[in-house]
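The next block holds one structure in the form of C-alpha coordinates; read it before the comments.
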Amino acid sequence: MAETFEPKNIIVTGGCGFIGSNFVHYVVNKHPGVHVTVLDKLTYAGNEENIAGLPEDRVELVVGDICDAELLDRIVPGHDAIVHYAAESHNDNSIADPEPFLRTNVEGTFRLLEAVRKYGVRYHHVSTDEVYGDLALDDPARFTEETPYRPSSPYSSTKAASDMLVRAWTRTYGLRTTISNCSNNYGPYQHVEKFIPRQITNIIDGVRPKLYGTGENVRDWIHTEDHSSAVWTILTKGRMGETYLIGADGERNNITVLRMILEMMGKSPDDFDWVKDRPGHDRRYAIDSTKLQTELGWRPAHNDFAEGLRKTIEWYKANESWWRPAKAATEARYKAQGQ
Ligand code: NAD
Ligand code: DAU
(Lines give C-alpha, C1' and ligand atoms only; values in the text may rest on other atoms or scores of the structure.)
(Ligands and ions follow the chains in the order given, each with its own letter.)
Protein backbone atom coordinates (compact mmCIF):
# COMPACT_ATOMS: atom_id res chain seq x y z
CA MET A 1 0.00 0.00 0.00
CA ALA A 2 1.37 3.44 -0.97
CA GLU A 3 2.24 6.05 1.62
CA THR A 4 -0.62 8.56 1.79
CA PHE A 5 1.19 11.07 3.98
CA GLU A 6 4.78 12.19 3.36
CA PRO A 7 6.05 14.00 6.45
CA LYS A 8 9.04 16.30 6.03
CA ASN A 9 9.44 17.93 9.43
CA ILE A 10 8.28 15.99 12.47
CA ILE A 11 8.35 16.41 16.24
CA VAL A 12 9.14 13.26 18.22
CA THR A 13 8.27 13.68 21.91
CA GLY A 14 10.27 11.47 24.27
CA GLY A 15 12.90 11.02 21.55
CA CYS A 16 15.66 10.57 24.15
CA GLY A 17 13.92 7.58 25.76
CA PHE A 18 14.25 3.92 24.86
CA ILE A 19 11.65 3.55 22.10
CA GLY A 20 11.46 7.19 20.97
CA SER A 21 15.22 7.31 20.32
CA ASN A 22 15.02 4.08 18.34
CA PHE A 23 12.33 5.73 16.18
CA VAL A 24 14.55 8.80 15.66
CA HIS A 25 17.40 6.54 14.46
CA TYR A 26 14.94 4.64 12.25
CA VAL A 27 13.67 7.83 10.57
CA VAL A 28 17.16 9.31 10.08
CA ASN A 29 18.46 6.04 8.58
CA LYS A 30 15.49 5.12 6.39
CA HIS A 31 13.93 8.42 5.39
CA PRO A 32 16.61 10.90 4.30
CA GLY A 33 14.16 13.71 3.45
CA VAL A 34 12.75 14.00 6.97
CA HIS A 35 13.91 16.42 9.68
CA VAL A 36 13.25 15.46 13.32
CA THR A 37 12.77 17.81 16.26
CA VAL A 38 13.07 15.83 19.48
CA LEU A 39 11.09 17.32 22.38
CA ASP A 40 12.25 15.70 25.61
CA LYS A 41 12.31 16.78 29.25
CA LEU A 42 15.31 14.51 29.98
CA THR A 43 13.77 12.93 33.08
CA TYR A 44 15.66 10.10 34.80
CA ALA A 45 14.60 7.97 31.78
CA GLY A 46 15.79 10.34 29.06
CA ASN A 47 19.39 10.36 27.89
CA GLU A 48 20.88 12.66 25.24
CA GLU A 49 23.42 9.95 24.43
CA ASN A 50 20.60 7.90 22.88
CA ILE A 51 20.58 10.25 19.88
CA ALA A 52 24.23 11.32 19.96
CA GLY A 53 26.10 11.28 16.66
CA LEU A 54 23.06 11.80 14.45
CA PRO A 55 23.56 14.53 11.81
CA GLU A 56 22.86 17.99 13.24
CA ASP A 57 21.08 19.12 10.07
CA ARG A 58 18.61 16.23 10.46
CA VAL A 59 17.95 16.15 14.22
CA GLU A 60 17.43 19.00 16.69
CA LEU A 61 16.95 18.45 20.43
CA VAL A 62 14.63 20.79 22.33
CA VAL A 63 14.85 20.11 26.06
CA GLY A 64 11.42 20.86 27.51
CA ASP A 65 8.17 19.59 28.94
CA ILE A 66 5.19 18.50 26.83
CA CYS A 67 2.99 20.13 29.51
CA ASP A 68 4.45 23.56 28.61
CA ALA A 69 1.83 25.14 26.31
CA GLU A 70 3.98 28.22 25.58
CA LEU A 71 6.86 26.03 24.47
CA LEU A 72 4.51 24.09 22.19
CA ASP A 73 3.31 27.40 20.69
CA ARG A 74 6.93 28.19 19.87
CA ILE A 75 7.98 24.88 18.35
CA VAL A 76 4.91 23.21 16.77
CA PRO A 77 4.30 25.75 13.93
CA GLY A 78 6.31 24.74 10.86
CA HIS A 79 6.12 21.03 11.60
CA ASP A 80 3.78 18.69 9.74
CA ALA A 81 3.44 15.91 12.34
CA ILE A 82 3.90 15.01 16.00
CA VAL A 83 4.75 11.44 17.01
CA HIS A 84 4.08 11.26 20.74
CA TYR A 85 6.24 8.85 22.76
CA ALA A 86 6.98 10.93 25.90
CA ALA A 87 5.58 9.33 29.03
CA GLU A 88 6.25 8.09 32.48
CA SER A 89 6.53 4.46 31.41
CA HIS A 90 7.29 2.19 34.37
CA ASN A 91 4.51 0.34 36.21
CA ASP A 92 6.44 -0.13 39.47
CA ASN A 93 7.14 3.62 39.67
CA SER A 94 3.45 4.37 39.06
CA ILE A 95 2.51 2.16 42.01
CA ALA A 96 5.01 3.93 44.29
CA ASP A 97 4.05 7.47 43.12
CA PRO A 98 1.26 7.92 40.55
CA GLU A 99 1.32 11.73 40.37
CA PRO A 100 3.95 12.27 37.63
CA PHE A 101 2.03 9.75 35.50
CA LEU A 102 -1.15 11.81 35.70
CA ARG A 103 0.74 14.95 34.79
CA THR A 104 2.89 13.75 31.90
CA ASN A 105 0.66 11.04 30.44
CA VAL A 106 -2.72 12.76 30.78
CA GLU A 107 -2.06 16.52 30.99
CA GLY A 108 0.88 16.21 28.57
CA THR A 109 -1.31 14.51 25.97
CA PHE A 110 -4.01 17.16 26.48
CA ARG A 111 -1.48 19.96 25.85
CA LEU A 112 -0.22 18.28 22.69
CA LEU A 113 -3.76 17.74 21.39
CA GLU A 114 -4.53 21.42 21.95
CA ALA A 115 -1.43 22.35 19.94
CA VAL A 116 -2.44 19.88 17.22
CA ARG A 117 -5.88 21.50 17.11
CA LYS A 118 -4.40 25.01 16.92
CA TYR A 119 -1.78 24.31 14.24
CA GLY A 120 -3.51 21.56 12.23
CA VAL A 121 -0.64 19.05 12.32
CA ARG A 122 -0.95 15.27 11.92
CA TYR A 123 -0.67 13.41 15.25
CA HIS A 124 0.33 9.83 16.04
CA HIS A 125 -0.21 8.63 19.60
CA VAL A 126 2.04 5.84 20.91
CA SER A 127 0.25 3.74 23.49
CA THR A 128 0.39 0.35 25.13
CA ASP A 129 -1.45 -2.97 25.11
CA GLU A 130 -1.80 -2.58 28.89
CA VAL A 131 -4.90 -0.40 28.34
CA TYR A 132 -6.75 -3.70 27.72
CA GLY A 133 -5.90 -5.11 31.16
CA ASP A 134 -4.84 -8.74 31.17
CA LEU A 135 -5.84 -12.15 29.85
CA ALA A 136 -5.98 -15.42 31.80
CA LEU A 137 -2.95 -17.67 31.32
CA ASP A 138 -5.09 -20.43 29.77
CA ASP A 139 -7.25 -18.11 27.61
CA PRO A 140 -6.62 -18.66 23.86
CA ALA A 141 -7.81 -15.07 23.15
CA ARG A 142 -5.51 -12.20 22.18
CA PHE A 143 -6.16 -8.44 22.32
CA THR A 144 -7.67 -6.86 19.20
CA GLU A 145 -8.69 -3.28 18.41
CA GLU A 146 -12.19 -4.23 19.64
CA THR A 147 -11.12 -5.40 23.13
CA PRO A 148 -12.71 -3.23 25.88
CA TYR A 149 -10.40 -1.00 27.93
CA ARG A 150 -9.73 -2.44 31.42
CA PRO A 151 -6.43 -0.99 32.71
CA SER A 152 -5.05 -2.34 36.00
CA SER A 153 -2.20 -0.07 37.14
CA PRO A 154 -1.86 3.68 37.68
CA TYR A 155 0.48 3.72 34.62
CA SER A 156 -1.90 1.86 32.31
CA SER A 157 -4.92 3.85 33.49
CA THR A 158 -3.16 7.10 32.54
CA LYS A 159 -2.26 5.67 29.12
CA ALA A 160 -5.91 4.57 28.69
CA ALA A 161 -7.05 8.08 29.66
CA SER A 162 -4.67 9.60 27.10
CA ASP A 163 -6.02 7.30 24.35
CA MET A 164 -9.56 8.46 25.23
CA LEU A 165 -8.52 12.11 24.96
CA VAL A 166 -7.14 11.44 21.48
CA ARG A 167 -10.40 9.79 20.38
CA ALA A 168 -12.56 12.58 21.82
CA TRP A 169 -10.43 15.36 20.29
CA THR A 170 -10.45 13.53 16.94
CA ARG A 171 -14.21 13.15 16.85
CA THR A 172 -15.07 16.58 18.25
CA TYR A 173 -12.46 18.73 16.50
CA GLY A 174 -11.78 16.59 13.42
CA LEU A 175 -8.06 16.13 14.17
CA ARG A 176 -5.93 13.91 11.89
CA THR A 177 -4.81 11.26 14.35
CA THR A 178 -3.91 7.60 14.71
CA ILE A 179 -3.23 5.50 17.82
CA SER A 180 -1.02 2.42 18.20
CA ASN A 181 -1.02 0.03 21.16
CA CYS A 182 2.13 -2.07 21.31
CA SER A 183 3.28 -4.96 23.48
CA ASN A 184 6.52 -5.24 25.52
CA ASN A 185 9.61 -3.92 23.70
CA TYR A 186 13.15 -5.17 24.14
CA GLY A 187 16.49 -4.16 22.66
CA PRO A 188 19.42 -1.80 23.36
CA TYR A 189 19.04 1.50 25.27
CA GLN A 190 16.24 0.22 27.56
CA HIS A 191 16.43 1.62 31.10
CA VAL A 192 17.83 -0.75 33.74
CA GLU A 193 14.58 -0.54 35.73
CA LYS A 194 12.83 -2.75 33.14
CA PHE A 195 12.76 -6.57 33.39
CA ILE A 196 15.27 -7.69 30.73
CA PRO A 197 17.97 -5.01 31.28
CA ARG A 198 17.60 -5.31 35.06
CA GLN A 199 18.38 -9.03 35.00
CA ILE A 200 21.24 -8.72 32.47
CA THR A 201 22.94 -5.94 34.43
CA ASN A 202 22.39 -7.74 37.77
CA ILE A 203 24.18 -10.80 36.37
CA ILE A 204 27.02 -8.61 35.06
CA ASP A 205 27.27 -7.19 38.62
CA GLY A 206 27.29 -10.66 40.20
CA VAL A 207 23.83 -10.06 41.73
CA ARG A 208 21.09 -12.72 41.48
CA PRO A 209 18.18 -11.73 39.17
CA LYS A 210 14.80 -11.04 40.79
CA LEU A 211 11.59 -12.71 39.64
CA TYR A 212 8.19 -11.37 40.76
CA GLY A 213 5.47 -13.67 42.11
CA THR A 214 5.27 -17.07 40.42
CA GLY A 215 7.13 -16.01 37.26
CA GLU A 216 4.23 -17.33 35.15
CA ASN A 217 3.13 -13.90 33.90
CA VAL A 218 3.28 -13.73 30.11
CA ARG A 219 4.55 -10.79 28.07
CA ASP A 220 4.39 -10.56 24.25
CA TRP A 221 7.93 -9.44 23.32
CA ILE A 222 8.69 -7.35 20.23
CA HIS A 223 12.03 -5.89 19.16
CA THR A 224 11.95 -2.11 19.42
CA GLU A 225 13.04 -1.74 15.74
CA ASP A 226 9.86 -3.56 14.73
CA HIS A 227 7.87 -1.12 16.86
CA SER A 228 9.56 1.77 15.02
CA SER A 229 8.83 0.39 11.55
CA ALA A 230 5.20 -0.19 12.57
CA VAL A 231 4.78 3.38 13.84
CA TRP A 232 6.28 4.78 10.60
CA THR A 233 3.87 2.59 8.60
CA ILE A 234 0.87 3.86 10.57
CA LEU A 235 2.06 7.49 10.41
CA THR A 236 2.38 7.39 6.63
CA LYS A 237 -0.31 4.91 5.56
CA GLY A 238 -2.78 4.67 8.46
CA ARG A 239 -6.42 5.68 8.14
CA MET A 240 -7.35 8.75 10.15
CA GLY A 241 -9.08 8.12 13.47
CA GLU A 242 -7.99 4.46 13.52
CA THR A 243 -6.25 2.37 16.16
CA TYR A 244 -3.70 -0.31 15.21
CA LEU A 245 -2.30 -2.98 17.54
CA ILE A 246 1.43 -3.71 17.19
CA GLY A 247 2.83 -7.11 18.17
CA ALA A 248 5.10 -9.83 16.77
CA ASP A 249 3.77 -13.11 18.23
CA GLY A 250 6.38 -13.09 21.00
CA GLU A 251 4.50 -14.55 23.98
CA ARG A 252 6.75 -15.97 26.70
CA ASN A 253 6.41 -16.21 30.46
CA ASN A 254 8.87 -14.37 32.67
CA ILE A 255 10.59 -17.43 34.06
CA THR A 256 11.29 -18.67 30.52
CA VAL A 257 12.84 -15.34 29.53
CA LEU A 258 14.88 -15.20 32.74
CA ARG A 259 16.19 -18.75 32.22
CA MET A 260 17.16 -17.87 28.63
CA ILE A 261 19.16 -14.91 29.96
CA LEU A 262 20.78 -17.05 32.68
CA GLU A 263 21.76 -19.72 30.18
CA MET A 264 23.09 -17.21 27.63
CA MET A 265 25.19 -15.62 30.40
CA GLY A 266 26.62 -18.93 31.59
CA LYS A 267 24.59 -19.25 34.82
CA SER A 268 22.55 -22.13 36.20
CA PRO A 269 18.78 -21.98 35.51
CA ASP A 270 17.95 -21.61 39.23
CA ASP A 271 20.47 -18.88 39.92
CA PHE A 272 17.82 -16.22 40.77
CA ASP A 273 15.71 -14.98 43.71
CA TRP A 274 11.93 -15.08 43.98
CA VAL A 275 10.74 -11.69 45.27
CA LYS A 276 7.36 -10.34 46.28
CA ASP A 277 4.84 -9.81 43.51
CA ARG A 278 3.87 -6.49 41.93
CA PRO A 279 0.45 -5.38 43.33
CA GLY A 280 -2.27 -5.88 40.70
CA HIS A 281 0.28 -7.66 38.45
CA ASP A 282 -1.24 -8.30 34.99
CA ARG A 283 -1.12 -12.00 34.15
CA ARG A 284 -0.83 -12.09 30.37
CA TYR A 285 -0.66 -9.74 27.38
CA ALA A 286 -1.08 -11.03 23.82
CA ILE A 287 -1.52 -9.02 20.64
CA ASP A 288 -3.38 -9.89 17.45
CA SER A 289 -1.81 -7.56 14.86
CA THR A 290 -3.91 -8.83 11.91
CA LYS A 291 -5.33 -5.36 11.15
CA LEU A 292 -1.89 -3.73 10.85
CA GLN A 293 -0.56 -6.60 8.76
CA THR A 294 -3.48 -7.00 6.37
CA GLU A 295 -4.55 -3.36 6.01
CA LEU A 296 -1.13 -1.66 5.94
CA GLY A 297 1.15 -4.55 4.94
CA TRP A 298 3.51 -4.26 7.95
CA ARG A 299 5.62 -7.28 8.98
CA PRO A 300 8.11 -7.64 11.86
CA ALA A 301 11.72 -8.23 10.78
CA HIS A 302 13.06 -9.59 14.10
CA ASN A 303 11.42 -13.00 14.32
CA ASP A 304 14.09 -14.85 16.32
CA PHE A 305 13.67 -13.83 19.97
CA ALA A 306 16.69 -15.83 21.17
CA GLU A 307 18.91 -14.08 18.63
CA GLY A 308 17.52 -10.64 19.60
CA LEU A 309 18.02 -11.40 23.30
CA ARG A 310 21.60 -12.59 22.71
CA LYS A 311 22.41 -9.34 20.86
CA THR A 312 20.74 -7.31 23.63
CA ILE A 313 22.92 -9.04 26.24
CA GLU A 314 26.01 -8.27 24.14
CA TRP A 315 24.94 -4.62 23.90
CA TYR A 316 24.66 -4.26 27.71
CA LYS A 317 28.04 -5.99 28.16
CA ALA A 318 29.64 -3.58 25.66
CA ASN A 319 27.91 -0.41 26.90
CA GLU A 320 28.38 -0.40 30.66
CA SER A 321 29.20 3.33 30.61
CA TRP A 322 25.67 3.96 29.27
CA TRP A 323 23.76 2.07 31.99
CA ARG A 324 26.11 2.24 34.98
CA PRO A 325 25.08 5.76 36.16
CA ALA A 326 21.44 4.64 36.64
CA LYS A 327 22.03 1.23 38.17
CA ALA A 328 22.65 1.92 41.88
CA ALA A 329 19.71 4.30 42.33
CA THR A 330 17.39 1.91 40.49
CA GLU A 331 18.38 -1.03 42.68
CA ALA A 332 18.04 1.12 45.82
CA ARG A 333 14.44 1.89 44.81
CA TYR A 334 13.71 -1.80 44.26
CA LYS A 335 15.33 -2.74 47.56
CA ALA A 336 13.11 -0.26 49.42
CA GLN A 337 10.08 -1.97 47.81
CA GLY A 338 11.31 -5.47 48.76
CA GLN A 339 11.90 -6.33 45.11
P1 NAD B 1 11.10 5.69 28.52
O2 NAD B 1 10.70 5.83 29.96
O3 NAD B 1 12.33 4.94 28.18
O4 NAD B 1 11.25 7.14 27.87
C5 NAD B 1 10.33 8.18 28.10
C6 NAD B 1 10.93 9.47 27.53
O7 NAD B 1 9.96 10.52 27.70
C8 NAD B 1 12.22 9.92 28.24
O9 NAD B 1 13.16 10.35 27.30
C10 NAD B 1 11.75 11.09 29.11
O11 NAD B 1 12.77 12.04 29.37
C12 NAD B 1 10.63 11.67 28.26
N13 NAD B 1 9.64 12.42 29.05
C14 NAD B 1 9.02 12.00 30.19
N15 NAD B 1 8.19 12.96 30.64
C16 NAD B 1 8.27 14.00 29.75
C17 NAD B 1 7.64 15.27 29.67
N18 NAD B 1 6.75 15.67 30.59
N19 NAD B 1 7.95 16.06 28.62
C20 NAD B 1 8.86 15.67 27.69
N21 NAD B 1 9.49 14.48 27.73
C22 NAD B 1 9.20 13.66 28.75
O23 NAD B 1 9.82 5.09 27.81
P24 NAD B 1 9.73 4.00 26.62
O25 NAD B 1 9.77 2.65 27.22
O26 NAD B 1 10.65 4.39 25.56
O27 NAD B 1 8.22 4.26 26.14
C28 NAD B 1 7.92 5.27 25.19
C29 NAD B 1 6.45 5.25 24.87
O30 NAD B 1 6.06 3.98 24.37
C31 NAD B 1 5.55 5.51 26.08
O32 NAD B 1 4.47 6.32 25.67
C33 NAD B 1 5.07 4.13 26.49
O34 NAD B 1 3.81 4.20 27.13
C35 NAD B 1 4.97 3.47 25.14
N36 NAD B 1 5.12 2.00 25.13
C37 NAD B 1 6.19 1.41 25.75
C38 NAD B 1 6.35 0.04 25.67
C39 NAD B 1 7.56 -0.65 26.31
O40 NAD B 1 7.65 -1.88 26.25
N41 NAD B 1 8.50 0.06 26.92
C42 NAD B 1 5.40 -0.74 24.99
C43 NAD B 1 4.30 -0.10 24.39
C44 NAD B 1 4.18 1.27 24.47
O1 DAU C 1 3.05 -4.13 27.51
C2 DAU C 1 3.66 -2.90 27.25
C3 DAU C 1 4.30 -2.36 28.51
O4 DAU C 1 5.46 -3.13 28.76
C5 DAU C 1 4.65 -0.87 28.41
O6 DAU C 1 3.48 -0.12 28.28
C7 DAU C 1 5.45 -0.40 29.62
O8 DAU C 1 5.86 0.94 29.43
C9 DAU C 1 6.65 -1.29 29.80
O10 DAU C 1 7.36 -0.92 30.98
C11 DAU C 1 6.22 -2.76 29.89
O12 DAU C 1 5.47 -2.98 31.09
P13 DAU C 1 5.71 -4.28 32.02
O14 DAU C 1 5.23 -3.95 33.38
O15 DAU C 1 5.20 -5.51 31.37
O16 DAU C 1 7.34 -4.33 31.96
P17 DAU C 1 8.47 -4.61 33.06
O18 DAU C 1 9.75 -4.65 32.32
O19 DAU C 1 8.36 -3.71 34.23
O20 DAU C 1 8.12 -6.09 33.55
C21 DAU C 1 7.99 -7.18 32.65
C22 DAU C 1 7.52 -8.39 33.46
O23 DAU C 1 8.60 -8.81 34.33
C24 DAU C 1 6.35 -8.12 34.38
O25 DAU C 1 5.52 -9.27 34.41
C26 DAU C 1 6.99 -7.89 35.76
C27 DAU C 1 8.19 -8.79 35.71
N28 DAU C 1 9.38 -8.37 36.48
C29 DAU C 1 9.85 -7.09 36.32
C30 DAU C 1 10.99 -6.68 36.97
C31 DAU C 1 11.51 -5.27 36.80
C32 DAU C 1 10.07 -9.30 37.28
O33 DAU C 1 9.66 -10.46 37.42
N34 DAU C 1 11.21 -8.88 37.91
C35 DAU C 1 11.71 -7.61 37.80
O36 DAU C 1 12.76 -7.31 38.40
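The values are calculated or read from the model by the stated rules, or taken from the named source; none is laboratory data. From a predicted model like this one, the values you see are computed outputs, not experimental measurements. Cβ: placed from backbone, ideal geometry, glycine included. Neighbour counts: every protein chain shown.
Name every residue in segment 44-66 that is closer than 19 Å to THR104 by Cβ, out of contact with any Ser or Thr (no Cβ under 7 Å at 6 or more places or on another chain) and without any contact (Cβ under 8 Å) to a residue 60 or more places away in the chain, in order of residue number.
Those that are closer than 19 Å to THR104 by Cβ, out of contact with any Ser or Thr (no Cβ under 7 Å at 6 or more places or on another chain) and without any contact (Cβ under 8 Å) to a residue 60 or more places away in the chain: GLY46, GLU48, LEU61, VAL63, GLY64, ASP65.
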Practice task
Restricting attention to strands (runs of 3 or more DSSP E) lying wholly within segment 118-231, give those where 3 or more residues are within 16 Å of ligand 1 (Cβ to nearest atom).
Solution key: 122-128, 177-182, 218-220
Exercise for the section: Check segment 258-273 and report whether any residue there is more than 29 Å from VAL121 (Cα to Cα), touching an Asp or Glu at 6+ places or on another chain (Cβ under 6 Å), in a helix (DSSP H, G or I) and away from ligand 2 (no atom under 11 Å from the Cβ). Expected result: yes
Problem - Tabulated pairs, segment 183-204, first farther than 16 Å from ASN254 by Cα, second among the basic types (Lys, Arg) and near ligand 2 (Cβ under 7 Å from one of its atoms), C-beta under 6 angstrom, 6+ apart or interchain - result: VAL192/ARG198
Problem - Unique residue being over 19 Å from the mean Cα position of the chain (by Cα), over 30 Å from ASP138 (Cα atoms) and crowded, with 20+ Cβ neighbours inside 10 Å when the list is THR233, THR201 - result: THR201
Problem - Subset of segment 6-35 [among the hydrophobic types (A, V, I, L, M, F, W, C) and either within 16 Å of ligand 2 (Cβ to nearest atom) or under 20 Å from CYS182 (Cβ atoms) (or both)] - result: ILE10, ILE11, VAL12, CYS16, PHE18, ILE19, PHE23, VAL24, VAL27
Completion exercise
Given the conditions (1) more than 9 Å from ligand 2 (Cβ to nearest atom); (2) at positive phi; (3) out of contact with any helix residue (DSSP H, G or I) (no Cβ under 7 Å at 6 or more places or on another chain), every one holds for LEU137 apart from (2)
Exercise for the section: Restricting attention to helices (runs of 4 or more DSSP H) lying wholly within segment 1-111, give those where 3 or more residues are more than 15 Å from ligand 1 (Cβ to nearest atom) and either modelled with pLDDT of 95 or more or closer than 23 Å to HIS223 by Cα (or both). Expected result: 18-30
